[in-house]
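See below for the structure under consideration.
The values are calculated or read from the model by the stated rules, or taken from the named source; none is laboratory data. Given the structure is predicted, the values throughout are model-derived calculations rather than measurements. Don't worry about glycine lacking a Cβ; one is built from the backbone with ideal geometry, like all the others, and counts go over all protein chains shown. The accessibility values were calculated without ligands, DNA or RNA, using every heavy atom of the protein model including side chains. Shrake-Rupley method; radii C 1.70, N 1.55, O 1.52, S 1.80 Å.
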Amino acid sequence: MNTMNGGETTPSGNEAVNNRHASEKDSRTDTANPKAEQRVFVKITADAEQSELLVKLKELLQRHPGPVATVLFYERSQKVLALSDAYRIKPSKELFAEMEGMLGQDTVKVK
């Protein structure tokens, strides 16, 4: 620290730079936190494990492109499958209603 006339102290050049970098780092880590990213989870019940139904679901997802990742949860086997970026969607009430119409009530959640 440097002492100015009047007894005030100010950070030295290096301390000011370090403080600036620390605050920049904090703001970057908040936005770059992968845990903060929302995803759409789609429960595939045993009844919904039909190839033609899953093809329709994939077609539906591709008609609603957007920034949110889609994850399938297979209820019977308890397996989770993160879909590729080709199936990222723009969530909407209409899309979720159509998905639940195909797969059953309460099968779509955003987490």
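Could you tally the net charge around Leu57, taking each other residue with its Cβ under 14 Å from the Cβ of Leu57, Lys/Arg +1 and Asp/Glu -1?
-2
Which order do Ser51, Ser92 take when ranked by solvent-accessible area (1.4 Å probe, heavy atoms of all protein chains), largest first?
Result, largest first: Ser51, Ser92.
In percent, how large is the relative contact order of segment 45-85, given Cα pairs closer than 8 Å and 6 or more residues apart?
36
On the accessible surface of segment 48-111, probed at 1.4 Å, how many percent belong to carbon and sulfur atoms?
52
Quick one: work out Rg over Rh on the C-alpha atoms of segment 36-111, Rh as Kirkwood radius.
Rg divided by Rh gives 0.92.
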